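Quick one: the structure is below, questions incoming.
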Amino acid sequence: MPLLDKRNNRLSYLDDDGSEPTFDIDAGLIGKCARSGQSIIVNDAPSEPNFDPMIDESALSAAGSVKEMLIVPVKSMEGHTIGVLVTARGPDS
């Protein structure tokens with residue numbers, strides 16, 4: 001689950017190998033969800049203008065290539081976005 005660092009406008013997540021990749025909040029559908037605080041549902045993610053395979057697929061390393069995505073902001077008790085929950089299905093799912 002990518003977590004938001006508002007001070008640096010970056011999202012980060014813990015990868016399978018223990019590394020912690022970070023990316024700009026302006027990147028990909030995941031970044032769009034974090035910026036807007038709104039859920040995103042897409043049926044054909046690669047055709048979306050904000051889709052960035054380096055961001056959106058890398059956050060889902062187990063899913064492989066992505067077709068459909070559901071991206072939901074995770075919010076604090078005060079209503080501030082603190083991260084995003086991402087789930088996806090591949091083209092053959």
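The values are calculated or read from the model by the stated rules, or taken from the named source; none is laboratory data. Values in this document were obtained by computation on a predicted structure and should not be read as measured data. Counting neighbours? That spans all protein chains shown, and the Cβs are built from the backbone with ideal geometry, glycine included. The accessibility values were calculated without ligands, DNA or RNA, using every heavy atom of the protein model including side chains. Shrake-Rupley method; radii C 1.70, N 1.55, O 1.52, S 1.80 Å.
In square nanometres, what is one fourth of the surface area of the convex hull spanned by the alpha carbons of the stretch 22-93?
Average of the hull's projected areas for the stretch 22-93 equals 4.7 nm².
A further question follows. Straight-line reach from Lys6: which aspartates and glutamates have Cα under 13 Å away, leaving out those fewer than 8 places along the same chain?
Asp24, Asp26
Could you grab the relative contact order for the chain? Cα pairs under 8 Å, six or more apart, rounded to a whole percent. Let's see the in-between values first.
Numbers: 185 pairs, mean separation 25.9, N = 93.
With pairs under 8 Å counted, the relative contact order is 28 percent.
What does the accessible area per residue of the chain come to in Å², with a 1.4 Å probe and no ligands, DNA or RNA counted? Don't jump to the answer; show the numbers that get you there.
Details: 5550 Å² over 93 residues.
Heavy-atom SASA per residue in the chain reads 60 Å².
Just to be sure I understand: of the beta bridges DSSP finds with both ends in the chain, what percent are antiparallel, rounded to 5?
On the way: 18 of 18 bridges.
Percentage antiparallel, nearest 5: 100.
How large is ³J(HN,Hα), in whole Hz, for each residue of the stretch 81-88 in order, when computed from phi with the Karplus curve 6.51 cos²θ - 1.76 cosθ + 1.60 and θ = phi - 60°, using x for Gly and Pro?
Going residue by residue, I get 5, 10, x, 9, 9, 10, 9, 8 Hz, with x marking Gly and Pro.
Okay, next question. Test of understanding: what is the full-extension gain from Ser76 to Asn9, defined as 0.36 nm times their sequence separation minus their Cα-Cα distance?
Gain on stretching Ser76 to Asn9: 22.4 nm.
Another question, if that's okay. Hey, got a sec? Which GluC sites (Glu not before Pro) in the chain land in a DSSP loop and have at most 13 other Cβ atoms within 10 Å? Please list the in-between numbers first.
Values: sites: Glu57, Glu68, Glu78; in loops: Glu57, Glu78.
In loop regions of the chain (DSSP not H, G, I, E or B), the sparsely surrounded GluC sites (Glu not before Pro) are Glu78.
Suppose every Lys and Arg Cβ carries +1 and every Asp and Glu Cβ carries -1, with no other charges. What dipole size does the chain come out with about its Cα centre, to the nearest 20 debye?
The calculated dipole for the chain is roughly 420 debye.
Now for a separate question. Considering the chain as a Gaussian network with a 10 Å cut-off on Cα pairs, which listed residue, Met77, Met69, Met54, attains the greatest mean-square fluctuation?
Of Met77, Met69, Met54, the Gaussian network model singles out Met77 as fluctuating most.
In nanometres, what is the gap between the two model label sites at Ser36 and Asp16, each 7 Å from Cα along Cα-to-Cβ?
Rounded to a tenth, the inter-label distance reads 3.0 nm.
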